1. Tally time: how many residues in region 319-342 are farther than 27 Å from residue 127 by Cβ and in contact with a helix residue (DSSP H, G or I) (Cβ under 6 Å, 6 or more places away or on another chain)?
2. Among (1) over 17 Å from residue 64 (Cα atoms); (2) open to solvent by 10 Å² or more (accessible area, probe 1.4 Å); (3) not charged (D, E, K, R), which single condition is residue 92 missing?
3. From the set of residues in region 132-142 that are within 17 Å of the chain's Cα centre (by Cα) and open to solvent by 10 Å² or more (accessible area, probe 1.4 Å), which is farthest from residue 357 (Cα to Cα)?
4. If you go through region 252-267 one residue at a time, do you hit one that is within 22 Å of residue 333 (Cα to Cα), open to solvent by 40 Å² or more (accessible area, probe 1.4 Å) and of a type in the set (Val, Ile, Thr)?
5. Among 160, 131, 126, 107, which is the only one that is among the small types (Gly, Ala, Ser) and closer than 30 Å to residue 54 by Cβ?
6. May I ask you to verify whether residue 129 is more than 11 Å from the chain's Cα centre (by Cα), modelled with pLDDT under 95 and in a loop (DSSP other than H, G, I, E, B)?
7. So which residues in region 189-241 are surrounded by fewer than 18 Cβ atoms within 10 Å (Cβ to Cβ), farther than 30 Å from residue 280 by Cβ and among the β-branched types (Val, Ile, Thr)?
8. Yes or no: residue 30 closer than 28 Å to residue 166 by Cβ and modelled with pLDDT under 95?
Amino acid sequence: SVDLTHNLKTTNKMKLFLSTLLAVIHPTVSKSSTRRLGESHSKTKDPETDAKHLPEIGMLMDMAFPMWEVDSDGNRIETKECSVNSCEWNPYYLTKRYDGLHPDFGGHPTDIDVGYAFYFASPFGGQAGGGSPHHCSENDDVSSIKVQTCPKVKTLDDDGPNGPGHIPPHIALASLTWAVDGFMMDKKKIRGLFHYKRHGCRVAPDALFKLIREYFPRTNGEEVEYPPPFTAKGGNYLYEFPSGRGIDNQEPPYTPGPPHWCTDAFKTIDHWADYCPYIFKGPDAGKYRHPHIAYAALEVYVAKFAMPDKCANTWLENNPWYLESERATTNIAFPVMDADDHPKTSVKNWLGQPILPYTYPSLEDEKILKKAVEGAFVTKYLYK
């Protein structure tokens with residue numbers, strides 16, 4: 001298990017980096033434990049009765065992000081009033097296009113929205129891929145640059161101005177899961193993960209960083225190669241459904257690849273796969289969940305467990321600002337899709353694939369390439 005009674009051993013530069021990072025993120029006032037991140041210790045037990053272990057992560061996501069009812073085709077059965085205490089989310093999740101928008105559009109909060117400290121997003125500066133971890137330059141041709149070829153923030157040590165650089169959210173999810181399981185749900189140890197006055201119901205980033213380095217150490221002078229989420233070393237996250245077998249084989253067994261299921265024609269032009277839908281056929285259709293959503297759900301659960309008088313059962317209750325109508329949203333620009341003529345709140349729209357020839361951004365999305373958004377962003381690459 002991890003002893004969190006000692007301060008994180010970082011240099012002054014790392015401490016300064018964390019302090020600066022946390023100031024701009026939207027505020028809210030053991031190694032032997034390596035079970036799969038979609039697997040419960042006791043699936044038949046009520047989470048309240050299995051007091052020594054965490055519930056299955058899918059159950060935690062449903063608790064933190066209550067889902068609306070759908071029919072057999074994934075269509076929403078009833079549109080209800082949405083408030084901080086009553087809002088529901090889309091259980092038949094197919095596209096990241098509407099992430100960061102009102103829940104009724106079918107998306108979920110973004111990495112930026114959940115305040116994930118080690119995402120290192122690119123700014124919405126008018127370049128391609130703004131709001132993603134890929135950092136394209138303002139000098140790149142927006143219409144043709146392949147976003148996935150733009151670099152992520154990677155560092156050779158943890159002490160510079162960009163600290164550890166981009167750490168995939170599934171790594172934080174795995175680290176926090178293994179640590180909390182190692183604590184055997186010891187409330188005092190879990191409470192040590194939080195600094196409520198500074199970070200509210202979010203795990204303190206310095207505590208999270210210490211856990212990450214406990215399970216995923218760095219050799220100074222080298223980049224850290226983090227294992228994929230669907231591998232044992234990456235946490236065996238069960239809500240990924242990688243598309244390695246191709247769009248015509250949306251069923252187990254899944255083989256390594258992105259979680260986006262693109263047409264063969266789109267794959268030939270080798271543009272960013274993130275524009276393609278998540279798994280939409282077979283027994284797991286609509287079941288993809290972002291690791292940062294799983295991490296946020298786990299964070300909600302352990303915060304409520306550790307501070308029941310301060311933290312709520314759902315993510316929205318802890319983050320009511322998300323429903324503010326004047327909030328600058330963190331949704332990213334998409335290319336023209338082949339289902340753009342269908343309502344944005346419909347399954348048919350969510351199933352859209354990029355049209356060929358590739359046209360980015362869509363006319364409607366062009367206006368969101370450049371916008372002022374709260375959060376932590378790296379501008380170094382934008383002006384290269």
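1. Going through region 319-342 one residue at a time, the tally reaches 1.
2. Here residue 92 meets the rest and fails (1).
3. 133
4. The first filter runs over region 252-267 and keeps only residues within 22 Å of residue 333 (Cα to Cα), leaving 258-263, 265-267.
Of the ones still in play, those that are also open to solvent by 40 Å² or more (accessible area, probe 1.4 Å) are 258, 263, 265, 267.
In the following step, the residues that additionally are of a type in the set (Val, Ile, Thr) were identified as 263.
Yes: one or more hits.
5. Working: 160 fails: closer than 30 Å to residue 54 by Cβ; 131 fails: closer than 30 Å to residue 54 by Cβ; 126 fails: closer than 30 Å to residue 54 by Cβ.
Criteria check complete, one pass: 107.
6. Numbers: more than 11 Å from the chain's Cα centre (by Cα): yes; modelled with pLDDT under 95: no; in a loop (DSSP other than H, G, I, E, B): yes.
The answer is no for residue 129.
7. 219
8. Values: closer than 28 Å to residue 166 by Cβ: yes; modelled with pLDDT under 95: yes.
Spelling it out, residue 30 is indeed closer than 28 Å to residue 166 by Cβ and modelled with pLDDT under 95.
The values are calculated or read from the model by the stated rules, or taken from the named source; none is laboratory data. Here the structure is a predicted model, which is why all the values come from computation and not from measurement. Here Cβ is always computed from backbone atoms with ideal geometry, including for glycine, and neighbour counts include all displayed protein chains. Keep in mind that these areas ignore ligands, DNA and RNA; they rest on the heavy atoms of the full protein, side chains included. Shrake-Rupley method; radii C 1.70, N 1.55, O 1.52, S 1.80 Å.
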